[in-house]
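Next up is a structure, given as structure tokens.
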Amino acid sequence: MSTQIEEQRETEEEVETEPETESPGERRRAVKRERAAQREQEVETALDEAEETVELKVFRYDPEVADKEEPRFDSFTVPYHKGMTVLDALIYARDVYDSSLTFRHSCRQAVCGSDALFVNGRQRLGCKTQMGDLEWPVRIEPLPHQDVVKDLVVDMEHFYEQMHAVEPYFDPDETPDGELEEQRQTPENREKIKLSTRCIWCGACMSSCNIAAGDNKYLGPAAINKAYRFAMDEREGESRKEERLRIVEQEHGVWRCQTQFSCTEVCPKDIPLTEHIQELKREAIKSNLKFW
Amino acid sequence: MSQSYDRGTVESFGRWREFSAGMWAWILHKFTGWILVGYLFTHIAVLSTSTQGAETYTATLQGLEALLIVRFLEIGLLAVAVFHILNGIRLLFVDLGLGLTAQDKSFYASLLLTAAITVASIPTFLGGAL
Ligand code: HEM
Ligand code: SF4
Ligand code: FES
């Protein structure tokens, strides 16, 4: 990836030594200047050489920096190559143009869930979205309906709180006698909960949900899906399942869902969220309606 | 969550452009449901003129039907009712967990069927008025 090559070049530069007569501060500034000039040159060549360049419009905001207190959009032109993801483009912009450009990322392979962004008006994972599939210029914003901490970084605390509210851990009624004995699950039951286990806690679904936007207490699709993952796990047992259903059927639980399907559409792991929420609604009713 | 500043189109209703099928279905279902409730009151008002005697009732209805705007409103009412019923059936299936992967297609189908039925009803509603 282009960004990695960029980094290597940088370290090579740093090894170069400067004349000894200058003070360390001066030396550092000289190196910086030289590096900046060199980089500008490199960027120009890169942009010239690239067959295609793409423009990013990136949301900028930082309450702690005077000239970024007012939210605005910055444009970055980056050389496009086939296979480039939104995250690649952002990394290029940060490494080459503005090291203060802030966004979360880690795995680059849709596993860690750090880089859910609002790209061209839709919640997407930066690392799983091809620049080639988007309309250009590409507009990149932080997830809507969450407080922005800085640039593309949003406060996920509330999302995590909702996730924890459904007690997202395996908690069976009975444990096997032997301490190290396995608790086996039937293949059918595993199939049933398979998709629900794939959540990477990215928060895209919650951000896309109109109901969650209007009702801050709503558990949200990801948390309900997490509840589904355990409530439907037969190994936990009936009594634990009942407890789990009591959690999701509360006022700000499953019944807030108005089946708009926006979460299902944006989930990068293709979890059928609405389907799971609907099934929990039916399970909750079934467990409450007893005619005998 | 409260924002410390205005995020403009990101947060505002400008987002309607990014609405997907399921969201439109939801908005339209609310909208048509409340129109139907509104009509219910109008309906009761018109019907209650019959308590004043048969002539008043006939005169009221004939007077209303003579107005072209009423004919058009009736077409609109039919469209609203048909959409609400079709999408209502779609929602019942969604609640039963049936055909969830086709939820967008069934919404478009509701729209198309509503349009077809509405168009087909035009001769009946405008008959004799034009
Ligand atoms: C066959 C006829 C009808 C069907 C199948 C039907 C179906 C439905 C369904 C399934 C919902 C719930 C939507 C949801 O899940 O949120 C609903 C909501 C509603 N319906 Fe109907 N409906 C019918 C007729 C009517 C009529 C005649 C009226 C008005 C008098 C009406 C007014 C409403 C209203 C006000 C709502 C609630 C909208 C809201 O949530 O704000 N519906 N309808
Ligand atoms: S359910 Fe999907 S969209 Fe929601 S947090 Fe998990 S992976 Fe992200
Ligand atoms: S960087 Fe880990 S999910 Fe995108």
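The values are calculated or read from the model by the stated rules, or taken from the named source; none is laboratory data. Model, not experiment: these values are computed from the prediction. All Cβ positions, glycine included, derive from the backbone under ideal geometry; neighbour counts span all protein chains shown.
So B:Leu36 clears everything in (1) modelled with pLDDT of 95 or more; (2) more than 13 Å from the chain's Cα centre (by Cα) except one condition, right? Which one?
Result: B:Leu36 passes all but (2).
Let me ask another. Among (1) surrounded by 12 or more Cβ atoms within 10 Å (Cβ to Cβ); (2) among the β-branched types (Val, Ile, Thr); (3) over 22 Å from A:Lys281 (Cβ atoms), where does B:Thr42 come up short?
(1)
Shifting gears a bit: Could you please find all residues in segment A:255-269 being in a loop (DSSP other than H, G, I, E, B) and within 7 Å of chain B (Cβ to nearest Cβ)?
A:Gln258, A:Thr259, A:Gln260, A:Phe261
From the residues in segment A:73-122 that are among the aliphatic types (A, V, I, L, M) and in contact with a Cys (Cβ under 8 Å, 6 or more places away or on another chain), which one is nearest to A:Val266 (Cα to Cα)?
Of everything passing the filter in segment A:73-122, A:Ala116 is nearest to A:Val266 (Cα to Cα).
If you don't mind, there's one more thing I want to ask. Would you be able to tell me the number of residues in segment A:212-232 that are within 15 Å of A:Glu265 (Cα to Cα) and surrounded by fewer than 24 Cβ atoms within 10 Å (Cβ to Cβ)?
Of the residues in that region, 0 qualify.
So which pairs qualify, if the first residue must be in segment A:273-286 and facing another protein chain (nearest Cβ under 7 Å), the second must be assigned to a helix (DSSP H, G or I), the Cβ gap must be under 6 Å, and the two must be at least 6 apart or on different chains?
Listed by first residue and then by second, the contacts come to A:Thr274/A:Thr264; A:Glu275/B:Leu100.
While we're on this one: Out of segment A:205-245, which residues are touching an Asp or Glu at 6+ places or on another chain (Cβ under 7 Å) and over 15 Å from A:Ala284 (Cα atoms)?
Matches in segment A:205-245: A:Glu236, A:Gly237.
Now, a different point. Identify, from the list A:Leu143, A:Leu117, A:Leu180, A:Leu101, the residue that is assigned to a loop (DSSP other than H, G, I, E, B), at negative phi and within 14 Å of another protein chain (Cβ to nearest Cβ).
Sole residue among the options that is assigned to a loop (DSSP other than H, G, I, E, B), at negative phi and within 14 Å of another protein chain (Cβ to nearest Cβ): A:Leu143.
Only one of A:Gln130, A:Gln146 is farther than 24 Å from A:Pro63 by Cα and not basic (Lys, Arg); which?
Going through A:Gln130, A:Gln146 in turn, the sole match is A:Gln130.
Tell me whether segment B:71-78 contains one or more residues that are closer than 30 Å to A:Thr259 by Cα, out of contact with any His (no Cβ under 9 Å at 6 or more places or on another chain), at pLDDT below 90 and surrounded by 12 or more Cβ atoms within 10 Å (Cβ to Cβ).
no
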